[in-house]
Each structure stands twice: as structure tokens, then as C-alpha cells.
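Report on the structure given below.
The values are calculated or read from the model by the stated rules, or taken from the named source; none is laboratory data. No experiment lies behind these values; they were computed from the predicted model shown. All Cβ positions, even for glycine, are placed from backbone atoms using ideal geometry, and neighbour counts span all protein chains on display.
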Amino acid sequence: MSNVSVQVSNLVTRLRAGEVGALARAISLVDSHHDAGSAIHRIVHPYSGQTEVIGITGPPGTGKSTLVNALVSELRSKNKRVAVVAVDPSSPITGGSVLGDRTRMGDHTSDSGVFIRSLAAHGHLGGLSSSILKVIDLIDAAGWDVVVLETVGAGQSETEIAEIADISVVVNAPGLGDDVQAIKAGILEIADVLVVNKADSPQAKRTERQLKAMLELRKEESSHVPIVNTVATTGEGVDELLEAIVEKGNSKFNSSKKERLLSRVRRIVAQEAAEQARRVVLRDQDESTLSLLEGVISGECEYEETITHVMSRYYAQQDK
Amino acid sequence: MSQITPNVAETPVRALITKIGFDGHDRGSRIVAAYLRDAGMEVIYTPPWQEIDSVVQLALQEDVDLIGISSLATDHLIVPDLMNALREAGLGEIEVFIGGIIPEQERPMLIEAGLGGIFGPGSTREDIVECAQRLATSARRKKEQAFERRL
Amino acid sequence: MSTPLEEVNVQPIDAAETKWKDDYTKQIGENDRVIKNMSGIEVEPLYVPDNIMDTELYLEKSGYPGQFPYTRGIYSTMHRGRTWTQRQLVGLGTPSDYNKRVKTMLDMGANAISLLPCNSGFRGVDCDTVPLPLLGTCGTVVNTVDHMETCLDQVPIDQISAAMNDPAPFTLFAFMLNVAKRRGIGWDKLTGTSNQSDYISHFVANHMFYRLSLSGSQRLLIDHIEFCREHVPNWNPMSVVGQHMQQTGATLAETIGFTFSSAIQHAEDCIARGMDPDEILPRFTFFFDVTINFFEEVAKFRAARRMWAHIARDRLGAKDPKSWRLKFHAQTSGVDLTAQQPLNNIARTAVQAMAGIFGGLQSMHTDAYDEPFTTPTEKTAKIAVATQNILREEAHLCDVIDPLGGSYYVERMTDQMEEEALSVIEKIDAAGGMFKAVETGLVQTMCGESSMANQELIESGEKKIIGVNCYEDEEEKIEIATTRPDPVAMQKHVDEFKAFKKDRSQKAVNKALDNLTRAANSDNENVFARVVEATDAGVTQGEIIACLREELGFGHPLIIA
């Protein structure tokens, strides 16, 4: 056995025994796509699949972090051990980032039943979903009951990250400029539960009405999306939010753990496949592809046939 | 270099920039956070008024390599307590540096407590980034040694 | 290219201007460069008569001192009639230390007092929970009415104006009200300011205190204003703070914009509570930073006066001229001071103070030269006061009202600063007002960007700072002197505080805290009134803040990376 494996297995043993430092180190290795990270993940993977992942997302200024803080308190009162993973955007140029979000978790810093970790979104590296999913597996294998996955800001990565969560909660609040337009249609699509935070504000009712109207436009009539009113600063409505999450989880997966995991894995595989195809297409400098792309500009080709072409090249490459 | 503690070229440096004690002037800590971010580090930034115990927990959970403390009032006077708390939590490998108003008479006490750098007014971006990188490298080495010891 | 002069019908002044421009361009040649001020406005080499010769326009934009829009001063006599109040911020050590220092300052010519609490007090905790080395290093440890009584011993609070630097729930002011009561001084005799009562500025600058949630602070502030209106009529409960914004990085023009957006928020909150604008606006005071950017600062204050007059009258609907007047205190900016070659700071402070005086301030604090390292020692504090005395008594700065008014440069810059600041207010309005803009982090982001931009100017050497990035003294070793409170005296203070807590009537304390809790949870009880009662019953500052945090939420800072 090489020295490397001894180190890896030692770290895994400590992680499985619940040593926070070992989990923290393993997360760094996985998140930075380091080889040791892959090795660790391979060992712990079979031990994962227990934890439930609640995704919380929404535009800035909705009080999301404060809500996460309150939700963690609620989960703690049910004796759940909770890990929070907060994803912040990173600079596409230097790769550096400032991760500031966990600081609102002030209430839980001294609670050994809460683990909080911030991750940079590494926009330029791609593979965000798989990295986060692996991080969740580590946390899972370390014995944490629930992972609350929080994403910051509106746009790009929310929908991607929300795919990872078993239940996605989309947070909105009254008075964010053009009302609910702040919520992009894409985010609304992935919502299992909607929250109107700052519900004590006079315009909250209006926000709720607007959300309802937007939900009615959604195609699948079958999926009922509950709207929960909360005041995160006081904790009001947070118990109802947790009830809604649990209920939604039960109906979505018929209480079957396997179904939940299958659904999660399928979403991730779809995401990663799309991302891989994207990278291949962007790098494809083959003559045949170039002439088809030019053909699209000149009007000689349609997008469809170009797509069929690049995909067939992609498959051919995979076969090799 | 071992697999478990990669060197700083392999995985991003994780730095915690924070303030303990009661002063809230955070312009300096924000600027230093931006410097380190621009140097490619992952910076965990907190607002002022952190308790020593929370800083230790944060450093542990976030797997940081270094901690930068900003002190404009007299908060540096409790930095030795922070150093002790880190050691007690088994996080002695983490390097700590401080910036702000640190009177000459009180520097020896900080160096004795194990601080890796002290930055007074007028320190340049280059100085700070260079020191942070050097400390991160040292922290990774210490982390590796600590890991080996526990095997 | 320009048209030959003889072909067009030109006025002599235009010809002269064209000639000057030609000469200037020729002579300066390669050496010409674009100069921008701190607000990003391009500063031209020369300013010439523009529209200011038009008397109608003059009345509209400048007017006469004491007349709308007050550009030239809010009173008809300004410093020629009455000079500014010398209000030196003092805060150090134990209440006895403070009392001794404040009496010295009054003997030196200061004519108002200002109390700065210990950072632990700003944070809202009592001294018995704080590591001893952190106590009293940056402010005075005041947790009870008894402590305040010691601070103000033999200080004639019915005759001089006092500033209590303490935001919601305004416990220091509550202590002071009880001291007045003990001494038999009617509350209508008290003058001064609840300095920095503007919670919004604290959330932006993140400076000292996150005592209560944004909404909790908002509630307390309006309760406080309402209480003072009824019971302490000559006290200024509202101090809108531009200083924090500027210190945290906002440009001068942004600072005016943010400050007035805050003032609008507070005024509208009061109006929504049923108060008449003319009942409250005369008790609004403003607190600004004054930096070394001399002309820009003067223009900032002139523009601010004009803007506030319009905002108060046209936007907030005030009819009483007293409501239109921008009364402000200015503090010379510590940001300009350097740890390198610290005696240079005396010169910097003098220039800053001059900008404030020409800007028409009502009250001033000058920083001591050791500000970059420490709480001022008695010696350095005396120099700071003397700086004001020299400017007032020797330099003839008070002879003429608004002496820079009419300077083509300053007039033009005043207009431009106004334009810039108005665009900031528009931005804040579009974001739904200052409360929301702070809640969502818009203002913090803007300040952060300006702060970084300024830092880059210093790093690139474009902005020169003597002793820092030019004219450095290689030999110099920066000696930072420290004044630390006497640990023995401080320990005694803490022990006495503990004994006080043991001896007081716990029944009265519990009752007062129950009342406070009830008030915080009711929509129509005045919480500040209960704070005043609680302090009278012996409840400490830390206990009051802890109670209100429980009921109204803790203030968590918004981190903008």
C-alpha cells in the first residue's frame, strides 16, 4: 500500500468517526478537484445517501441567509444535525472569492450539531454540480442528517445547484424593485416550496398574490407548490416552512429513499452530460463543424442539423 | 508533498479575514480581503465582533490555512488568547497575521504568541499578499507534519 | 478648429477668454493633465464668470445668508455673529477619568461636551462581561445612571450643550435624563444631540454597532424622536450621519446623497407616525466628515445646504424656515491622518478645519494628531483645541460670511456636487428608499467600490500622501505611543459595578424589564419611555440592549464582498 492510500484511508476513518477537521479537509480536496478528493469520495460514496438536501435560493435582499439561520434553529429543535453549505460566486479571472455568507449564521457557531461550510462557485472550472454533490456525499458519510444548500444571488448557477437539492425552496420578499420580476422564471420552475419572507411588511400580501398568479402560468397543473409566509428575523412561520418541506418531500418521492436518490442522480447525470457536451462543442475546431457553423450565419444551414452533427461527433469521440 | 495536504499551487489557499473584540471599523479588513481574493485565494470574510470561540470553529469547519485579524482599537490585546484557543483546538498549524494600529511596545507580546506577520499603517498590497502566501505555504507544511504525526 | 475671431460677432469677454485659453494651452504644453476631485468631477484650471452675474439666478441658487436656499449660510450673521461650537469628542477610561478630562477641555475653551462610550458599550454589553484589556481604551465605560452621574459631576448640563454618542436604544441619553432628574434640572433645560442616532449610517459603515435589527432600530429611533418632542423639547434627537458613509469609502458627493436619502427616510417615518414635519425637522442635525480636499469640502457643504432647503420644503412639505436650515457638526477626518510623520497631522487637521469653517459648520471636533494610533492624550487633545482657537482668533476666518462664495470655482463646484448628489438620491429613490437600499446592500456596494477606487489611487501613487507614498522618511521608525487606562482603576470600576448589581432591587429591575418587553411587543407604547424608566430602576445598558435584542431582533451586518 502506498503512503497516499494510508493517508486517504486515515482521513476517511476520521471523517466517518465524526471528526469535523477531517470532514473539513476532505471537502477542500473534493471541492478543488484534487486527486485525493476523488479517492476519498470513492471510499465514502457507499456510506452516503442518508442525508436530505434542502436547497434554498432566491434573489439578493430577500433575507435568505437569515431564513437559513432560522431554519437551522428549527431543525435543531427537532434534534437534527444540520450541515449548511453556502455557495458564493468566485471571480472568473483570479479564481479567488470572498465568502461572506456564513457570517449570518452567528446563532449556531458554537453548536456542535451544526456544521457550516462556504464554497466558491469556481465559475471557470465547470462541474459545479458534481463538486457540490460530492461534498454533500462527504457530509452525508460523516453522519449529518440534513444539508441545507444555500446559493447566493440571482441567475447563472441557481437552477443548476437547485437540481442537486431534493427539495428546492425559492425565497422572495416584498419590495425588491419590480416586485416578483426579481424572481426569474427559471428559478420559479424549480421551486418545490415558495417563501414570502419579510411577511410582516405591508406589501407582502401583494407579493404572495403575484407569486400565485405566476404559479398558475406554470404548465404542470399537477404539481402543487405551497407558498409559506415567514419573518426570518423573528422566526415566524419557519415551523410551517419546515412542515411544507417535509410534506413536499413525502409526496415528491412517495417516502421512498431510493426514488429520491434515483431522481437526484438522474438530475446530476443530465447536468454533467450537458456540461460535458458543452465543453466538447466549444472546443470542436473540426473543419466540418466550422463550415456548418458558418452555414448557420449565412443561412445555408439550420441549427438543428448543426446540432445533430456536433452531437454525432461527440458520440464518435466517446466511442474512441 | 503529500496527497492530503496539497501545496498552495495545487489547491486554493483558504484565508479567514476577521475581527475580534469590540471595534467595528472594517475598511481595512475589507481591503485586505479584496487583496487576497485578487491574489486567487478563497477568503472567508466575517464582520467585526467575532468571539474567539467562533473564530476557532470557523477556522476548523472552513479548513483555513491562515487567519488575518484587523485591529484598530486595542483588540490585538486579546489575540494571544485566540492563539491559545487555536492550539487547544488542535489548529496550531494555522498561521495568523494582524494588521492595523499595533503599538511598538505591544508587538513583542504578539510575536511571542506566534503571530506570523504584523502590518502597520501604510503597508502595501505586495507586502501583505507576499506575507499571506508565505504563511499559507508554511501552514500547509505544518498541516502535513501534523497529519503525519497522527498516522 | 476655432473660427477666426473677426468672422463672428464676439463679446470682449469671449475674446479675452479665447485668448487666455490659447495662451494657457501654449504655455502649459505637455504638462497639462486632467485633474479630478474625490467625487470624480474634473477640476478645470480656471473658472470664469458664468451665470452667477445674473441676479435672478443668484437669488435662486445662492441668495443671502439666512435666506432660502441658504447656500451662503443658514443664519444671517454666521460666524461673524457667533462662531461654531467647539465640541471635542472625549471618551476614555472610567467615568472619573472622563470627568477629569472634560473639565480640562472646558477650561481650555471648549464650550460643549461630547461623550463617547467604550466600544463594549457600543456593542451593547456591560463591563463585567468584557476582557479587562479591552475596557475603556477607546471610550468611557458607562453602564448605569450612577456612572453617568460621575461623568457629569460639576458639569453644568443645564448651560452647555451635550452630545451623547449612542444609537438606539439611546441608553446614555436615558442615563443623562435621570442625572438631570436627580439634580433637579428640568428636561426642558437640556440642550444637545443624540449624536449618531441615525441607525442607517451604522448599517452602511458597519462601524461600531449592530445592536438591534434594522427594523428594531427604526422603531426605537422614531419612539425616541417622539419622546423628545414631548418631554425634552430643546434636545436634538435626530443626528443624521454622513460621516460614516464618507469614512467607509463613499465619495463626498455620494455622502451628501446618502445622508439626505437617510434624512428623507427618517423624516418620512416620523410623518407616517403622525408627526408634523415642522415639529421634527428643526430638531434634525447632521454630522459630516471634513477631509483635506479643501475646495471640494467647501462646495460639498454649500451644495448640501441648498439641497436640504429644497428637500425639506418641497419634498417633505415643511413650511417653517427653521425646518429648511441644515445645521451640522463636522469632525475632521481621521482617514486623512497618517501614522507616518504624525506631527504632520496637525497641519492636515488645520486645513480640514478651515474647509469646515468656510463650509459654514455650526459645531466642530478637530482630531488630535495621534488619532491614527490611539485615544488622544491630554497633550494632543489640547493641540487639537488650540488649532480651533488659532483659526477662530488669529486667522480672521470669521470676518466674512461665506468668504468663498462668488469664487467662480467654488460656485461651479457647488453646482456640480449638487448634480452628483441628486443623481445618488435618484438612485436610492429608485431602489425604494434608503432603508431598502441598505437592506439589500446597494449602498454598501457603492461605498465599497468607491473605497477600492480610492485605495487604487493611493497604491498607484496618483494620490499622494506625504510620508506614505512620497516624501517618505526612510529613517523614521513609527513609534506608536499608547495610553491605556489604569488596569487597577478599571478593575475597581468593574468590581463596583458587580457590587451595584448585587445591591439593587431585583424586583424593580424585573418589573422594568417586563415593562420594556411589553412595550417592545406592543404597537403603540413608546419603547424609549420604558428605557428611561428602566435606567432609573437600576437596569444596566447591557441588560436593556439584551432585552430589546430578544424582542426586536439582533442587528446582523450585511456583508458585501
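Restricting segment C:448-481 to residues that are crowded, with 18+ Cβ neighbours inside 10 Å and farther than 30 Å from C:Lys36 by Cα, the residue that is farthest from the other protein chains (Cβ to nearest Cβ) is C:Ile478.
All conditions in (1) under 23 Å from C:Ser120 (Cα atoms); (2) crowded, with 23+ Cβ neighbours inside 10 Å; (3) in contact with a strand residue (DSSP E or B) (Cβ under 8 Å, 6 or more places away or on another chain); (4) facing another protein chain (nearest Cβ under 7 Å) hold for B:Thr74, with the sole exception of (3). Within segment C:220-229, track down each residue that is within 16 Å of C:Glu551 (Cβ to Cβ) and surrounded by fewer than 21 Cβ atoms within 10 Å (Cβ to Cβ). Within segment C:220-229, none qualify. When the residues of segment C:21-42 are filtered to those that are among the β-branched types (Val, Ile, Thr) and part of a loop (DSSP other than H, G, I, E, B), the one that is surrounded by the most Cβ atoms within 10 Å (Cβ to Cβ) is C:Ile41. Just to verify a result, which residue in segment B:26-45, among those that are part of a loop (DSSP other than H, G, I, E, B) and surrounded by fewer than 24 Cβ atoms within 10 Å (Cβ to Cβ), is farthest from the other protein chains (Cβ to nearest Cβ)? So, considering only residues that are part of a loop (DSSP other than H, G, I, E, B) and surrounded by fewer than 24 Cβ atoms within 10 Å (Cβ to Cβ), the one farthest from the other protein chains (Cβ to nearest Cβ) is B:Ala39. Checking the stated criteria, B:Ala33 turns out to be within 14 Å of the chain's Cα centre (by Cα), hydrophobic (A, V, I, L, M, F, W, C) and under 21 Å from B:Thr137 (Cα atoms).
Could you list all residues from segment C:150-179 that are surrounded by fewer than 18 Cβ atoms within 10 Å (Cβ to Cβ) and either farther than 24 Å from C:Ala330 by Cα or within 14 Å of another protein chain (Cβ to nearest Cβ) (or both)? Within segment C:150-179, C:Asp153, C:Gln154 meet the criteria. What residue, among those in segment C:180-219 that are within 14 Å of chain B (Cβ to nearest Cβ) and of a type in the set (Phe, Trp, Tyr), is surrounded by the most Cβ atoms within 10 Å (Cβ to Cβ)? Once the filter is applied, the top-ranked residue is C:Tyr199. Against the definition (of a type outside the set (S, T, N, Q) and over 30 Å from A:Asp35 (Cβ atoms)), how does B:Arg37 come out, yes or no? Criteria not met by B:Arg37. State whether the residues of segment A:284-300 include one that is touching a residue at least 60 places away in the same chain (Cβ under 8 Å) and over 30 Å from A:Pro202 (Cβ atoms). Looking through segment A:284-300, none of the residues is touching a residue at least 60 places away in the same chain (Cβ under 8 Å) and over 30 Å from A:Pro202 (Cβ atoms).
Within segment A:69-81, which residues are within 12 Å of chain C (Cβ to nearest Cβ) and in contact with a strand residue (DSSP E or B) (Cβ under 6 Å, 6 or more places away or on another chain)? Scanning segment A:69-81 gives no hits. Inside segment C:58-96, residues that are outside any loop (DSSP other than H, G, I, E, B) and out of contact with any Ser or Thr (no Cβ under 7 Å at 6 or more places or on another chain) make up a count of 8. Scanning segment C:186-198 for residues that are farther than 18 Å from C:Ala529 by Cα and more than 21 Å from the chain's Cα centre (by Cα) returns a single hit, C:Lys189. Within this structure, B:Glu93 fails the test of being more than 7 Å from every other protein chain (Cβ to nearest Cβ), surrounded by fewer than 19 Cβ atoms within 10 Å (Cβ to Cβ) and either at positive phi or not aliphatic (A, V, I, L, M) (or both). The C-beta contact set for segment A:50-64 (first residue within 14 Å of chain C (Cβ to nearest Cβ), second residue among the charged types (D, E, K, R), distance under 7 angstrom, 6+ apart or interchain) comprises A:Gly58/A:Lys64; A:Gly61/C:Glu439; A:Gly63/A:Lys198; A:Lys64/A:Glu150.
Selection of segment B:46-56 for residues being of a type outside the set (Val, Ile, Thr) and either touching a strand residue (DSSP E or B) at 6+ places or on another chain (Cβ under 7 Å) or surrounded by fewer than 22 Cβ atoms within 10 Å (Cβ to Cβ) (or both) yields B:Pro47, B:Gln50, B:Glu51, B:Asp53, B:Ser54. Criterion applied to C:Phe528, C:Phe554 was being within 10 Å of another protein chain (Cβ to nearest Cβ), within 16 Å of C:Pro169 (Cβ to Cβ) and either crowded, with 21+ Cβ neighbours inside 10 Å or not small (Gly, Ala, Ser) (or both), and the one residue passing it is C:Phe554. The residues of segment C:362-399 that are surrounded by 24 or more Cβ atoms within 10 Å (Cβ to Cβ) and touching a strand residue (DSSP E or B) at 6+ places or on another chain (Cβ under 6 Å), listed by number, are C:Met364, C:His365, C:Thr366, C:Asp367, C:Gln388. Of the residues making up segment B:15-25, those that are within 7 Å of another protein chain (Cβ to nearest Cβ) and either touching an Asp or Glu at 6+ places or on another chain (Cβ under 9 Å) or closer than 22 Å to A:Ile116 by Cβ (or both) are B:Gly21, B:Phe22, B:Asp23.
Number of residues in segment C:461-515 that are of a type in the set (S, T, N, Q) and over 30 Å from the mean Cα position of the chain (by Cα): the value is 5.
Scan segment B:104-141 for residues that are closer than 23 Å to B:Ala33 by Cβ and either away from chain C (no Cβ under 14 Å) or hydroxyl-bearing (Ser, Thr, Tyr) (or both) and the total you get is 17. Can you say whether B:Ala59 is within 7 Å of another protein chain (Cβ to nearest Cβ), surrounded by 20 or more Cβ atoms within 10 Å (Cβ to Cβ) and among the small types (Gly, Ala, Ser), as far as the supplied structure shows? Judged against the criteria, B:Ala59 is not a match. Could you go through segment A:5-20 and let me know if any residue there is in contact with a strand residue (DSSP E or B) (Cβ under 7 Å, 6 or more places away or on another chain), modelled with pLDDT of 90 or more and either among the aliphatic types (A, V, I, L, M) or part of a strand (DSSP E or B) (or both). The answer is yes; a qualifying residue exists. Filtered by the rule that a residue be touching a residue at least 60 places away in the same chain (Cβ under 8 Å), of a type in the set (Val, Ile, Thr) and more than 9 Å from every other protein chain (Cβ to nearest Cβ), segment A:13-39 gives a lone residue, A:Val30.
When the test is whether a residue is closer than 23 Å to C:Asp367 by Cα, touching a strand residue (DSSP E or B) at 6+ places or on another chain (Cβ under 7 Å) and part of a helix (DSSP H, G or I), C:Ser197 does not pass it. Residues in segment B:88-132 that are over 26 Å from B:Arg149 (Cα atoms), in contact with a Pro (Cβ under 9 Å, 6 or more places away or on another chain) and among the hydrophobic types (A, V, I, L, M, F, W, C): B:Ile101, B:Met109, B:Leu110. The requirement of being modelled with pLDDT of 90 or more and in contact with a Leu (Cβ under 7 Å, 6 or more places away or on another chain) is satisfied by A:Asn197. Counting only residues that are more than 9 Å from chain B (Cβ to nearest Cβ) and over 14 Å from B:Asp75 (Cα atoms), segment C:107-137 holds 16 of them.
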